[in-house]
Amino acid sequence: VADVELTLLTAIALVVLVIFVFLPTWRAALIPAVALPLSLVGTFAVMHALDFSLDNLSLMALTVASGFVVDDAIVMIENIVTQHEHGLTGVEAALSGARQISFTVFSITVSLVVVFLPLTLMGGIIGSLFYEFAMTLSVAIAVSGIISLTVTPMICAHFMGKTPKISPTWVVSESIERLYRRTLDSYGRSLDWALVHRKLMLLLFGLTVIFTIFLYIEVPKSFMPQEDTGLISGQTIAAPNISFHRMEKLQDTVTRIIMEDPNVDTISTRVGVANGFSSANRGQMFIGLKPRSERKLSAQQVIMELAHKLANIPGINTYLQVVQDLHIGGQNNAGQYSFSILDPSLAGLDTITSAIEQRLRQLQTINNVSSDQNKAETQITAKIDRSSAARLGVTVAAVDAALENAFAQRQISRIYKSQNQYAVVMKAPSALQRSPVDLDRVFVPGTHGPVPLRALITIERTTAPLTVTHLDGIPASTISFNVGPGSTLGPALASVKAAIATMPIPAGVRIKFGGNAEYFLRSLRSEPLLILASLFAIYVVLGVLYESLAQPLTILSTLPSAGVGALLALLMTGIPLSVIGVIGIFLLMGIVKKNGIMLVDFALTAERDRGLSPHEAIRAASLGRFRPIMMTSLAALLGALPLALAFGTGYQLRRPLGVAVIGGLIVCQALTLYTTPVIYLALTGFGKRHARRIAAMPDTGQIPAE
């Protein structure tokens, strides 16, 4: 959490720096710098009321929010400063600027909150996980909007003064102002070219939409980012017929080799059955690594290094995996991902499990393939002669107790201390637990004294599995695996499903994915629906606010370029599209559409109040809103920069979010400043042509079909 807090403070500092650089006076720059902490403090208050805690996800939401909760304040301040530069006093500029821009700020805030509505309504584990994230972000946006509409104009009226001060107050700001003017002139000339070549720009927009869909299909996908938590879990598997004494020695050998690694700090191990789970030929271990700053290798690299050393131990296989903060599923498997095989026949289950396991070991996209099935081994069944036992006064409970005392571990007492308690366990010497011959030394109490156990039982040798697990009431086995080096979860699962599909699976056998693999497949199905639901919600809200069916489409036209940028950035940095990356795309949907809102709102106002043509209005809007668009986009970009460059434990969880936001903003700024004005003119011209068609038709009481 300390690393996330540092990321949050860095983001706040960068956002404040953007404000001080762009606004020409320190007074104007101070106001949004005050709005940022006020918004965060208000968010903390609501979080406390909702009983939220400061954890990785809520702090990550606040970090992202720091980049665009100032958007409303920047838009308001920039407009008031513009009015002030035109000769109005501070109070007059605040009243005029706030009156002119208040609807824009309200539209930005409401539509931004609506973006995260599908996230707050998600069900299941993922919905519960990201509910706090989405709510924290929504609250921060709402509080920011309220402050921008109330506190910000009031502070402007007080600080602006009566006399406009147009000249910048420091040398660096003056240089930035000259650079901004040259950039604005260049943008004006290139915009005129784009407005002349409208068909080319519309074609570019269409290609952007197609490219977004193509990238979404092609980009590697995963469930959650693989974190370096500094903790490794391991499972050791030996032959099913191994003795506990031999298993204990092999486990000690594995432990000794692991502890010799300079990256390992601590290790705890156990073997055999614990609380009814696992089996006698399996062991568990938890390896604590040294802090990341004290080791040269990542956790995954440590596993690869240990795997080569542990592979040379005969008689035992060791499977290691990095423990993740989020692991779905109750099974303790040797791999991070798993699927179950259900078969009513135990013999058939063992056969098909072995066949699938051998087939999957040939795949290059996965490794550490193992199953929880053990081959059936020799079992000694002791059948009690109940007639002889009754004649000698020996009960079945006495036979059970004698066998447990001789071959198991019976707790006979418990010692209680002031701060702890200790179980007293009775166990026979290992030398007397080696073979069925040791049954000759076991006696049970009878009516007339001890009775040899062999006098009461007959021994049969059969075969049986060590354990039988069930799923949905049907015998089942579980095959687990890890994603191989250089691959991602999406291609890995696809290769697993393809390999199983090529095998002759008996009619009664079912394959069921579980845990992280199951939720990854669910997320693949639900992510497009969530994005479409968010788009529909934005369209409905904007349609109500603007009382138009066409203008919301102009605003939404900014989104495809943001999607292209986010997916390209993830692809170029080698980061798969995970749930965190999708959250970044949701953020982009909220951030980049404000550009369209500012352009459309300003253009509609210019058409209505100044009588400008659509071409003149959208050009004036593009040039007039260029500075706030650049400021808000740069503030959001720098707010996400610490996430993209995150470090420390668990930084992998935050990095996809920052990379997606930065990539989307860069591409969006390069394209939408040209495509959005063209789409505005196209939809405006279409609407006017449609209106003329309706006006020219005779009044029949019916609306013509399109």
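If you wrap a convex hull around the alpha carbons of the range 386-476, what volume per residue comes out, as a whole number of Å³?
In the range 386-476, the Cα hull volume divided by residue count equals 195 Å³.
Hey, what's the per residue convex hull volume over the C-alpha atoms of the range 526-579, in cubic angstrom?
Once divided by residue count, the hull of the range 526-579 is 73 Å³.
Quick one: P(r) of the range 301-361 from all Cα-Cα pairs, 5 Å bins, percents rounded to integers, in order of increasing distance.
It works out to 3, 13, 17, 18, 21, 16, 8, 3, 0, in whole percents.
Relative to the longest principal Cα axis of the chain, at what angle does helix 71-85 sit, 0 to 90 degrees, rounded to 10?
It is inclined by approximately 20 degrees.
How much area per residue is accessible in the chain when the probe is 1.4 Å and only protein heavy atoms are counted (Å²)?
Averaged over the residues of the chain, the accessible area is 47 Å².
In the range 513-603, if every C-alpha pair distance is counted and binned at 5 Å from zero, what percent goes to each bin?
With a bin width of 5 Å, the distribution comes to 3, 12, 20, 20, 16, 12, 8, 5, 2, 1, 0.
Under 1.5 on a/c is rounded, so check that first for the range 221-380, then, if it is not, pick prolate when a/b is larger than b/c and oblate when it is not; a ≥ b ≥ c are the square roots of the alpha carbon gyration tensor eigenvalues.
Here the range 221-380 falls in the oblate category.
Under 5 Å between amide hydrogens, which residues at least 5 positions from D385 or on another chain qualify, with H placed 1.01 Å from N in the peptide plane?
The list, which skips near neighbours in sequence, is I457, T458.
Where the accessible area of the chain is counted over protein heavy atoms with a 1.4 Å probe, how much of it, in %, is carbon and sulfur?
62 percent
What 222 nm value per residue comes from the helices of the chain, counting each DSSP H run with n ≥ 4 as -39,500 (n - 2.57) and dividing by all residues, nearest 500 deg cm²/dmol?
-20000 deg cm²/dmol
Which ³J(HN,Hα) values in Hz, rounded to whole numbers, follow from the phi angles of the range 345-359 under the Karplus curve 6.51 cos²θ - 1.76 cosθ + 1.60, where θ = phi - 60° and Gly and Pro get x?
Those phi angles translate into 9, 5, 5, x, 4, 5, 5, 5, 5, 4, 5, 5, 4, 5, 5 Hz.
To the nearest 10 square angstrom, how much accessible area does F52 have with a 1.4 angstrom probe?
40 Å²
Compute the separation of the alpha-carbon centres of the range 382-444 and the range 548-624 and state it in Å as a whole number.
Value for the Cα centre distance between the two parts: 76 Å.
At 0.36 nm per residue, and after removing the present C-alpha to C-alpha distance, how many nm does the segment from L204 to T351 gain when stretched out fully?
47.3 nm
Taking R0 as 22 Å, what's the FRET efficiency between R391 and R441 from their Cβ-Cβ distance, rounded to 0.05?
In this case the efficiency is close to 0.45.
For the range 410-452, report the convex hull volume of the alpha-carbon atoms normalised per residue, in Å³, without decimals.
Spelled out: Cα convex hull of the range 410-452, divided by residues, is 93 Å³.
Considering all alpha-carbon pairs of the range 629-681, what whole percent are spaced by more than 18 angstrom?
Of all Cα-Cα distances in the range 629-681, 42 percent exceed 18 Å.
Taking the square root of 5 times each eigenvalue of the Cα gyration tensor, what semi-axes in Å does the equivalent ellipsoid of the range 566-673 have, largest first?
Semi-axis lengths for the range 566-673 are 34, 12, 10 Å.
In whole Hz and in residue order, list the ³J(HN,Hα) couplings for the range 416-429 that follow from phi through the Karplus curve 6.51 cos²θ - 1.76 cosθ + 1.60, θ = phi - 60°; x for Gly and Pro.
Couplings: 9, 10, 5, 10, 7, 9, 10, 7, 9, 10, 9, 9, 6, x Hz.
Counting only residues 5 or more places away or on other chains, whose amide H sits under 5 Å from the amide H of D265 once H atoms are built in the peptide plane?
Amide H neighbours of D265: G288, L289, K290.
Could you list log10 I(q)/I(0) for the range 395-547 at q = 0.08, 0.14 Å⁻¹, which the Debye formula gives when each Cα is one point scatterer?
After summing over all Cα pairs, the log10 values are -0.62, -0.95.
Just to check I understand the Karplus step: with θ = phi - 60° and J = 6.51 cos²θ - 1.76 cosθ + 1.60, what whole-Hz values come out for the range 241-252, glycine and proline as x?
Values, residue by residue: 8, 6, 7, 5, 4, 5, 4, 5, 5, 5, 5, 5 Hz.
If I histogram all Cα-Cα distances within the range 177-221 using bins 10 Å wide from 0, what percent of pairs lands in each bin?
The distribution over the range 177-221 is 24, 27, 26, 21, 3, given as percents.
At 1.4 Å probe size, with no ligands or nucleic acids counted, give the accessible surface of Y674 in Å², nearest ten.
Here the residue's solvent-accessible area equals roughly 60 Å².
Computed over the Cα atoms, what is the radius of gyration of the chain divided by 2.2 N^0.38 Å, N being its residue count?
Against the compact-globule rule of thumb, the ratio is 1.29.
The values are calculated or read from the model by the stated rules, or taken from the named source; none is laboratory data. Please read these numbers as outputs of a predicted model, since none were measured by experiment. Positions of Cβ are generated from backbone atoms using ideal geometry, with glycine treated the same way; all protein chains shown enter the neighbour counts. With ligands, DNA and RNA removed, areas are computed over all heavy atoms of the protein, side chains included. Shrake-Rupley method; radii C 1.70, N 1.55, O 1.52, S 1.80 Å.
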